[in-house]
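One structure is given below, represented as structure tokens, and several questions about it will come after.
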Amino acid sequence: MFLYNTLTNRKEELQKSRKPIKLFVCGPTVYDYSHIGHGRTYIAFDTFVRYARSQGYKISYLQNITDVDDKIIKRAAEKGVSALSLARTFTRAHFDDMKKLGVISVTKYAPATKFIPQIVKQVETLVARGYAYKISDGYYFDISKFKEYGKLSKRTVLQAEDAISRVDENAEKRNKGDFCLWKFYKPGEPSWNTRLGKGRPGWHIEDTAISEHFYGPQYDIHGGGIDLKFPHHEAEIAQQEAASGKKPFVRIWMHTGFLLINNEKMSKSLGNFLTIRDFLKKHSALILRYLVLLHHYRSPFNYTETTIEQAENGLQNLRLTLERLRFIEHSSKAKKSFEIKEFITAADRDFYRAMDDDFNTPEAVAALFKLITPLQNKLWLLSGAQAKELSRFLLKKLELLGIAFITSPAPLKARTLLKQREKLRGNQQFIQADGLRKKLSALGFTVEDTPLGPFLWRTNQI
Ligand code: AMP
């Protein structure tokens, strides 16, 4: 499997080994409900891990939770609640949302507040090695001391100084782009009494303290949204490589593109977001997963009603094909009229080729449609065994993408209506038969008259 490495700007091979591949993905800052932009990033990594594991890669998947941070403190003050309790509430909500989205591959979640001793130790190491210094409001990382600062984002230190989003301000700093490692206590803020003094961690240090604790100073893959490349991931490289003297800190950097709304990043701070909860009030989790997979993980895409509709139609199409195949599989009239083996073999090859080429899920999905679209009008000409083979193939591939349809048999009432309709049709009572078709439709079922007999399917079920 090859992955695009943002550090080298090349696709690089992910080697299998007996030891697990160590993956770390930045978790959310928990001051509000997670939105579908977060959903995009976490679904993409979840699917990547599921797929890689299914192909024999052992993967340990670690994710932090930023549960102490300026944004959390600000929101808590606005709401008149404690910052830590606000963070707890939204951590729980995030886990709940991830469960609903079927994000099941994370091995370990690590909230920053549970790793204060590790954070303090890493800051002390940076001070001892001459990379960190103390001023009136905390400890800072001196970016001019780390000669390779900017190697991930391809910025010089000077350029880095221009982009100071989420890099802390203080006139006493040695360089404008220096970022805070430890913030001294201010009234009303959560704090810990430590050897560094009473205070709380800066944003970037939690990730390297956590990853060093679980993985040591070097590991295989680091992931997150593209917004984190600078300064967050740049700061992580500086911290860990400065602290350990070993490089590279991480071998492969994977960055997801944004989920956009009107061409702007969906984000909590811009307020243009749709929470996962609100999305799930209208649509199923499967639709969001499928929508995410219809786009390459590195490409940005706009969330619109049209894209949702397209995703819905695609899924409906897949589900209907599977239901038709099941019907054929159980029909005694089904007979083989043409061969499909070579088409399945080609789709199989295209599917894996796409997935192994930088996890190209849209191409992989396209391989499935390339197989089923030309067959749609000829499905009834397949034998039961062929239908079974095709259906198994599709189910397996969809499982690899984390897509499982929940199907339930039609209720007795619908099956009885269908039998009565058949009887009426047999007696040439077509007007009455059509009345029963309408009744079935009101129950949410569509009847399709096929060469193998009437096929009943649930009209809207995803
Ligand atoms: P945050 O809570 O803002 O720190 O974000 C947590 C993770 O979600 C990071 O990896 C972000 O890059 C990612 N993320 C946030 N917003 C979006 C978005 N609109 N599209 C894709 N990923 C996002």
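Shape call for the chain from the C-alpha gyration tensor, a ≥ b ≥ c root eigenvalues: rounded (a/c under 1.5), prolate (a/b greater than b/c) or oblate?
Values: a/c = 3.20, a/b = 2.15, b/c = 1.48.
It is prolate, given that a/c is not under 1.5 and a/b is the larger ratio.
In percent, how large is the relative contact order of the stretch 83-228, given Cα pairs closer than 8 Å and 6 or more residues apart?
Taking the mean separation of contacting Cα pairs over the length of the stretch 83-228, I get 23 percent.
Could you list, in their original order, any pairs among Lys11/Lys151; Lys134/Lys183; Lys22/Lys265; Lys333/Lys396; Lys108/Lys229; Lys341/Lys370 whose Cα atoms are separated by more than 20 Å?
Values: Lys11/Lys151 17 Å; Lys134/Lys183 10 Å; Lys22/Lys265 29 Å; Lys333/Lys396 26 Å; Lys108/Lys229 22 Å; Lys341/Lys370 14 Å.
In this structure, Lys22/Lys265; Lys333/Lys396; Lys108/Lys229 lie more than 20 Å apart at Cα.
In angstroms, what radius of gyration and Dmax does the stretch 308-400 have, counting Cα atoms only?
13.3, 44
Starting from the coordinates of the alpha-carbon atoms of the stretch 412-458, obtain the Kirkwood hydrodynamic radius over all distinct pairs and give the value in Å to one decimal. All intermediate terms of the calculation are to be shown ahead of the outcome.
Working: mean 1/r = 0.0958 Å⁻¹.
Final number for the Kirkwood radius of the stretch 412-458 is 10.4 Å.
By the gyration tensor of its Cα atoms, with a ≥ b ≥ c the square roots of the eigenvalues, what is the shape of the stretch 1-88: rounded for a/c under 1.5, prolate for a/b over b/c, or oblate?
prolate
Relative to the longest principal axis of the chain, what angle (0 to 90°, nearest 10) does the C-alpha long axis of helix 430-442 take?
Taking Cα atoms only, the helix is inclined about 20 degrees.
Sort Arg319, Arg415, Arg324, Arg92 so the one with the fewest other Cβ atoms within 10 Å of its own Cβ comes first.
Values: Arg319 20, Arg415 14, Arg324 23, Arg92 11.
Starting with the residue having the fewest Cβ neighbours, the order is Arg92, Arg415, Arg319, Arg324.
Based on the alpha-carbon gyration tensor of the stretch 252-360 and its eigenvalue square roots a ≥ b ≥ c, which shape applies: rounded if a/c is under 1.5, prolate if not and a/b is larger than b/c, or oblate? Walk me through the numbers before you get to the answer.
Numbers: a/c = 3.69, a/b = 1.74, b/c = 2.12.
Note, shape of the stretch 252-360 comes out oblate.
Could you point to the residue in Gly199, Leu398, Ala354 farthest towards the positive end of the chain's charge dipole, with +1 and -1 charges on the Cβ of Lys/Arg and Asp/Glu respectively?
So the residue furthest toward the plus end is Leu398.
So, one more: Rounded to the nearest Å, what's the spacing between the alpha carbon centres of the stretch 306-362 and the stretch 1-77? Just the number, please.
Result: 29 Å between the Cα centres.
What is the distance in Å between the Cα centres of the stretch 241-285 and the stretch 404-462?
The stretch 241-285 and the stretch 404-462 have Cα centres separated by 44 Å.
Within the stretch 170-273, list the GluC sites (Glu not before Pro) lying in a DSSP loop whose Cβ has at most 14 other Cβ atoms in a 10 Å radius.
Details: sites: Glu172, Glu206, Glu212, Glu234, Glu236, Glu241, Glu264; in loops: Glu172.
Here the GluC sites (Glu not before Pro) that fit, given the DSSP loop and packing criteria, are Glu172.
Now, a different point. Give the order of Trp253, Trp380 when sorted by the count of other beta carbons within 10 angstrom, beginning with the fewest.
Placing the least packed residue first, the sequence is Trp380, Trp253.
All of the numbers you see were taken from the coordinates with simple rules; none came from a lab. Computed from a prediction, not measured in an experiment: that's the story for all the values here. Every residue, glycine among them, receives a Cβ derived from its backbone with ideal geometry; neighbour counts consider all protein chains shown.
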